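Before any comments, here is the structure.
We did not get these values from a lab; they are worked out from the coordinates using the rules stated. Small disclaimer: the values here were computed from a predicted structure and weren't measured. Here the Cβ positions follow ideal geometry from the backbone for every residue, glycine too, while neighbour counts run over all protein chains shown.
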Amino acid sequence: MSNFLSRRTLIQAASAGLASAALPSMAQPAWPSRPIRLIVPYTAGGFTDQMARLVQVGLQGRLGQPVIVENMPGANSIIGVNAVAKAAPDGHTFGVVIAAYAANTTLYPKLPYNPAKDLVGVSLLGVSPLLAAVPNNAPFKNATELVAYAKANPGKVSFGSSGNGSAAHLTSELLKAVTNTYMVHIPYRGAAPALTDLLGGHIQLFFDAPTNLIQPGKMGRLRLIGVASEKRLPAAPDVPTFIEQGLRGFTGSTWAGMIAPAGTPGEVVQRMSDEVNRIIRSDETRAKLEAMGTFAEGTSPQACDAFIASETAKWAKVIKNAGVTAD
């Protein structure tokens, strides 16, 4: 009898222990428990903002909480990214970044955050290969002729960008490196004034996101001579890739990825990634992205981190070799 009571006592004690162990988990509030901040480190209306708002509405429906896009521009995205890095890692603050996020690691040796330690990837949302445009009166009609002209006329080709260290600038520097040509960089404060000068023939080359160049190209206001991608864009199927024109491996893009503060619970990061990916991979969103000249992605957090690490290494080499410095 005593043995039976001992066994029963042990079972009861074990059950009580399991119940008490489960209490902390049961006490945790469901996620999300309040509105989610989605920080965009740029002004409203640009590519980063567009990508954030593409997933905003869908996330609200799937998560049952408001998702508030908060534009926080300044310092080439550093101000907004720093706000994400310093936010409480409770799963209620995320950010959307683009290619500059990877380049900034090399451009700015003293960032207020450590990308490798203070931030984690959630999902790569989409990749938008850059298009190269030239004025209609340019003495070259394709990438092959551009390279030949630049070789024969060092310094006579000027290329614009939306600023030092931008995706357009670094892609142009990569083009110079792989073709062993000398072209002159003209930095602008944004893509709009660079495009204006391109249309006026004041610069001879400009790389930019497809969403800004496809329509002027279709209207015949400028000539699209190549896409810096491994495959053509469905939104501009007549524009060949640089690889097709003999520049093996030449790619350059802007892209959008979602990040979170380091320390955000892994299950929350994974849940957000899963929900974002369902939206990104939907037929409706894919169609919208395709019209923007953007390839829909939707990746795991681990794949997002790996992509950002690869981009950081790729552009670090270009930045160092070309001696690029921040404004």
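Please report the equivalent ellipsoid semi-axes of segment 70-159, computed as sqrt(5 x eigenvalue) of the Cα gyration tensor, largest first, in whole Å.
Calculated on Cα positions only, the semi-axes equal 39, 15, 11 Å.
Run down the lysines and flag those whose C-alpha is under 17 Å from the C-alpha of residue 151, throwing out any fewer than 8 positions away in its chain.
Of all the lysines, those that pass the test against residue 151 - Cα under 17 Å, at least 8 places apart if same chain - are 141, 176.
If the cut-off is a Cα-Cα distance under 22 Å, which lysines reach residue 117, setting aside same-chain residues fewer than 8 apart in sequence?
86, 314, 317
What residues have an amide H closer than 5 Å to that of residue 39, excluding those fewer than 5 places away on the same chain, when H is modeled at 1.01 Å from N in the peptide plane?
Those qualifying (amide H under 5 Å, at least 5 residues apart or on another chain) are 70, 94, 95, 96.
What list of ³J(HN,Hα) couplings, whole Hz, do you get for segment 67-76 from phi and the Karplus terms 6.51, -1.76, 1.60, once you set θ to phi - 60° and write x for glycine and proline?
Values per residue, Gly and Pro as x: 10, 9, 7, 10, 7, 9, x, x, 6, 6 Hz.
Across segment 145-157, in residue order, what do the Karplus-derived ³J(HN,Hα) couplings come to in whole Hz, using 6.51 cos²θ - 1.76 cosθ + 1.60 with θ = phi - 60° and x for Gly and Pro?
Running phi through 6.51 cos²θ - 1.76 cosθ + 1.60 with θ = phi - 60° gives 5, 4, 4, 4, 5, 5, 5, 7, 9, x, x, 8, 9 Hz.
What list do you get for 183, 72, 51, 219 if you sort them by fewest beta carbons within 10 Å?
Ascending number of Cβ neighbours within 10 Å: 219, 72, 183, 51.
Quick one: what does P(r) look like for segment 219-304 with 10 Å bins over all Cα pairs, in whole %?
15, 35, 28, 16, 5, 0
Work out the P(r) tail for segment 131-227: percent of alpha carbon pairs separated by more than 16 Å, whole number.
For segment 131-227, the fraction of Cα-Cα distances above 16 Å is 48 percent.
May I ask you to order 272-280, 230-238 by the average number of other C-beta atoms within 10 Å around their residues, highest value first?
272-280, 230-238
If you average 1/r over every pair of different alpha-carbon atoms in the chain and take one over that average, what Kirkwood value in Å do you get?
One decimal place: 21.5 Å for the Kirkwood radius.
Which whole-number percent is the relative contact order of segment 116-220 (Cα, under 8 Å, 6+ apart)?
37 percent
With no solvent and one point on each alpha carbon, what is the Debye value of log10 I(q)/I(0) for segment 169-320 at q = 0.17, 0.18, 0.20 Å⁻¹?
The Debye formula, applied to the Cα set alone, gives -1.16, -1.24, -1.39.
What is the magnitude of the charge dipole of segment 205-247 about its Cα centre, with +1 placed on the Cβ of each Lys and Arg, -1 on the Cβ of each Asp and Glu, and no other charges, expressed in debye to the nearest 20?
Dipole about the Cα centre, nearest 20: 160 debye.
For the chain, what is the charge dipole size about the Cα centre, in debye to the nearest 20, if Lys and Arg each add +1 at the Cβ and Asp and Glu each add -1 at the Cβ?
240 debye
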